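Encoded as structure tokens, the structure appears first; notes follow it.
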Amino acid sequence: TVKAQELEARGHTELKDFVLEQPQSLSLGTNSGAAGPVTNLRGLGPMRTLTLLNGRRLANEPLQDQYVSVNVIPRMALDRVETLNGGGASIYGADAIGGVQNYWTKRGYQGGAIKAEYARPELSGGGRTRSFGGIFGWGDLAEEGWNAYIAIDHQKKGALFQGDRPDQHDPAVLRS
């Protein structure tokens, strides 16, 4: 279990960055034609990693219907992430053979917060990332019996082409 404060302290700009750090994550990237990152625990394929939100199954992304994009979960609303790194097929079914990730959102948030981030590579060229997010909540579950909040995250990443880093693709440099 990893709390949202620890994810923030690690400096992640996306939830997929957290998954990539885990030793049981063998591949993570963007499938061609897909809407977001592919989560593949234990290397058994994205269709064998079950993704839950507050203990309930998330629908697969609509373009290929093969996996769940974790980047649809606003980071500002995240409370913690629980990972079952062993197979969970006996409890959850065949789509949990690789493992299970359960994303828990905040419960009873009050107040408001705004966050903006900007990151650029040390070398010139593409690859800049700009993002902003916000969360606003009303009501007290204990006293009033209700709570509602809204969270939003927006991120824009600039392309980083091979031509932006030609020295990293020069065979002579790679051999040395």
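The values are calculated or read from the model by the stated rules, or taken from the named source; none is laboratory data. Computed from a predicted model, the values in this text were never measured in an experiment. Counting neighbours? That spans all protein chains shown, and the Cβs are built from the backbone with ideal geometry, glycine included. For the accessible areas, the whole protein counts, side chains as well, though only heavy atoms, and no ligand, DNA or RNA atoms are used. Shrake-Rupley method; radii C 1.70, N 1.55, O 1.52, S 1.80 Å.
Given contacts defined as C-alpha pairs under 8 Å and at least six residues apart, what's the relative contact order of the range 68-126, whole-number percent? Show your work: numbers first, answer last.
On the way: 47 pairs, mean separation 17.6, N = 59.
Worked out over the range 68-126, it gives 30 percent.
Can you give me the long-range amide H partners of residue 67? Hydrogens built in the peptide plane at 1.01 Å from N, cutoff under 5 Å, separation of 5 or more residues or another chain.
Answer set, sorted by chain and number: 61.
Could you give me the radius of gyration and the Dmax of the chain, taking only the C-alpha atoms into account and expressing both in angstrom?
Computed over the Cα atoms of the chain, radius of gyration and Dmax are 18.6, 68 Å.
With the crude spin-label approximation of a point 7 Å out along Cα→Cβ, what separation in nm comes out for residue 168 versus residue 56?
Distance between the two pseudo-spin positions: 4.1 nm.
Cross-link candidates for residue 157: which lysines have Cα within less than 26 Å, leaving aside residues fewer than 8 places away along the same chain?
Answer for residue 157, where 26 Å is the Cα cut-off: 3, 16, 115, listed by chain and number.
What are the residues whose amide H is under 5 Å from the amide H of residue 128, where those residues sit 5 or more places off or on another chain and H is modelled from the backbone?
Residues meeting the amide H criterion: 158.
Give me the dipole magnitude in Debye, nearest 20, for the range 37-134 about the Cα centre, with unit charges on the beta carbon: positive for Lys and Arg, negative for Asp and Glu.
Details: 12 positive and 7 negative charges, 54 e Å.
For the range 37-134, the charge dipole is close to 260 debye.
Using 1/(1 + (r/R0)^6) with R0 = 45 angstrom and r between the beta carbons of residue 124 and residue 2, what's the FRET efficiency to the nearest 0.05?
Numbers: r = 34 Å, r/R0 = 0.77.
The formula returns an efficiency of 0.85 here.
Would you mind telling me the share, in percent, of accessible area of the range 50-146 contributed by carbon and sulfur at probe 1.4 angstrom?
Values: 2900 of 5600 Å².
Reported share for carbon and sulfur atoms: 52 percent.
When the helices in the chain are scored as -39500 (n - 2.57) per DSSP H run of 4 or longer and the sum is shared across all residues, what 222 nm value do you end up with, to the nearest 500 deg cm²/dmol?
It lands at -2500 deg cm²/dmol.
Under a Cβ-only charge scheme (Lys and Arg +1, Asp and Glu -1), can you give me the dipole magnitude of the chain about the Cα centre, in debye to the nearest 20? Don't skip to the answer; put the middle values down first.
Details: 19 positive and 19 negative charges, 43 e Å.
In total the dipole reaches around 200 debye.
Send over a whole-number figure in Å² for the accessible area per residue of the chain, probe 1.4 Å.
Numbers: 10610 Å² over 176 residues.
Computed with neighbouring chains in place, this is 60 Å² per residue.
Using a Förster radius of 30 Å, what is the FRET efficiency between residue 156 and residue 21 based on their Cβ-Cβ separation? Nearest 0.05, please. Please list the in-between numbers first.
On the way: r = 23 Å, r/R0 = 0.77.
After rounding to 0.05, the efficiency reads 0.85.
Among bridges DSSP assigns within the chain, what percent are antiparallel (round to 5)? Working shown, then result.
Working: 34 of 39 bridges.
Here the share of antiparallel DSSP bridges comes out near 85 percent.
Would you please give the residues with an amide H less than 5 Å from that of residue 105, counting only those at least 5 places away or on a separate chain, with H modeled from the backbone geometry?
For residue 105, the qualifying residues are 54, 79.
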